[in-house]
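Structure first, commentary second.
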Amino acid sequence: MTSPSFLTLNLVSGLAGAGKSSIARASGRTSISLDGADRAAVSGAIAGTGTRSEVMLEIHPSAVPLEVAVAVMAAGGDLVLHSEAGAIRLGNFVSVLDASTFWRDIRSDKLAPEPPQPCATHGEHDRTVADALVQQIEWASVVVINKTDLSTAAECADLRDFVRLLNPSCQVIFARHGHSSVSAWLPPRVDMLTWLQQSPGWIRQLNGEGLLASGRTGLGCVVYRDPRPFHPGRLASFLSDTSTESGEILRSRGLFRLASRPHVVGSWNSAGPTIAFEPTSMGSHDPESPWGQEIAFFGRNLDGARLTANLDACLLDDREFIGGPMEWRSLTDPFPAWDLNQDDD
């Protein structure tokens, strides 16, 4: 029996100027620039691969790697686009970071370049440079720290440690001018998409699987948990006035409860100086929903006791908690409304 042939599609992401095209060329694989993040764009790229067995798809800096991966899997059904290959599979997710500008960019609230097409999960373009960097790290099987010649060895090691905090499962490679002393990347996983969905460091930390609580240069993670919901006004005050008292928070992610919105679990998501709260599909009484707060904070010189105390001060006190959801709804809520697309009761 003849073994099936495959077209392996590797995704390469990175901010403009990070060197993702150089990395793609240095890999020796054919590189194709992807104009969009949807199935049509991916299908068009696949149609131009001819008889090649492996290619590199360079994705837009604002595209979410996971969304492109879903589009690749959807395009995999269009076998007529690449009949020579017979089947399509995901290869490595490669993210290229610029060692000389990373720490400046992760602290930036500047918007990332306009995406070629609207993002399926965010709608209007609101992704910052820091958002893009975090997504590129967390959804990667290989992270290439490029332009190491423009940064010190200590700064490169610091960046490596931060990458390993955000994604402890990825392979980290140092490179200059797109070239690395590592001859080859590790082979991709059989089910790369499923594996990547469990690879972000915040998921590992909340599951008790974090590999690095604190590093030698002050980089570390603090996990915050409490069953009580946040008081919206006090949480807003924390974010505007006291969030920096416990160290520099560079990334935070998790699930939380806002007392004024008692019937839905919220998604907590910060990258650099910006933070976004969005509703999840989980209801308060769903068996799989967490109680209260489960948030992982990544940063530098974090004081876990101080951060915990400041967040504790944002929770409902005993008197407020006893009042129950009907009373909680009357609390002044300064945060933007959530579009739940469903009844709140």
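Can you tell me which residue among 48, 44, 77, 91 is modelled with pLDDT of 85 or more and more than 17 Å from the chain's Cα centre (by Cα)? Working first, answer last.
On the way: 48 fails: modelled with pLDDT of 85 or more; 44 fails: modelled with pLDDT of 85 or more; 77 fails: modelled with pLDDT of 85 or more.
None of the others qualify; the one that does is 91.
Find the helices (runs of 4 or more DSSP H) located wholly in the stretch 181-300 whose residues include 3 or more that are modelled with pLDDT of 90 or more, out of contact with any Pro (no Cβ under 8 Å at 6 or more places or on another chain) and within 30 Å of residue 323 (Cα to Cα), and list them.
Values: elements: 192-196, 201-206, 232-237.
Passing ranges, in order: 232-237.
Would you call residue 252 open to solvent by less than 30 Å² (accessible area, probe 1.4 Å) and over 30 Å from residue 22 (Cβ atoms)?
The answer is yes for residue 252.
Tell me which of these residue 301 doesn't satisfy, since it passes every other one: (1) open to solvent by 40 Å² or more (accessible area, probe 1.4 Å); (2) at negative phi; (3) in contact (Cβ under 8 Å) with a residue 24 or more places away in the chain.
(2)
Can you tell me which residues in the stretch 154-177 are buried (at least 22 other Cβ atoms within 10 Å of the Cβ), over 16 Å from residue 101 (Cβ atoms) and aliphatic (A, V, I, L, M)?
Answer for the stretch 154-177, where residues must be buried (at least 22 other Cβ atoms within 10 Å of the Cβ), over 16 Å from residue 101 (Cβ atoms) and aliphatic (A, V, I, L, M): 165, 166.
Find all pairs meeting these conditions: Cβ atoms under 9 angstrom apart; at least six residues apart or on different chains; first residue within the stretch 99-111 and within 10 Å of residue 128 (Cβ to Cβ); second residue among the acidic types (Asp, Glu) and surrounded by fewer than 19 Cβ atoms within 10 Å (Cβ to Cβ).
From residues that are within 10 Å of residue 128 (Cβ to Cβ), the pairs are 111/126.
Out of curiosity, is residue 329 open to solvent by 10 Å² or more (accessible area, probe 1.4 Å), among the basic types (Lys, Arg) and under 24 Å from the mean Cα position of the chain (by Cα)?
Working: open to solvent by 10 Å² or more (accessible area, probe 1.4 Å): yes; among the basic types (Lys, Arg): yes; under 24 Å from the mean Cα position of the chain (by Cα): no.
So residue 329 fails the test.
The values are calculated or read from the model by the stated rules, or taken from the named source; none is laboratory data. Since we're looking at a predicted model, the values are computed, not measured. Cβ atoms come from the backbone with ideal geometry, glycine included; neighbour counts cover every protein chain shown. To get the accessible areas, we keep the full protein, side chains included, count just its heavy atoms, and leave off ligands, DNA and RNA. Shrake-Rupley method; radii C 1.70, N 1.55, O 1.52, S 1.80 Å.
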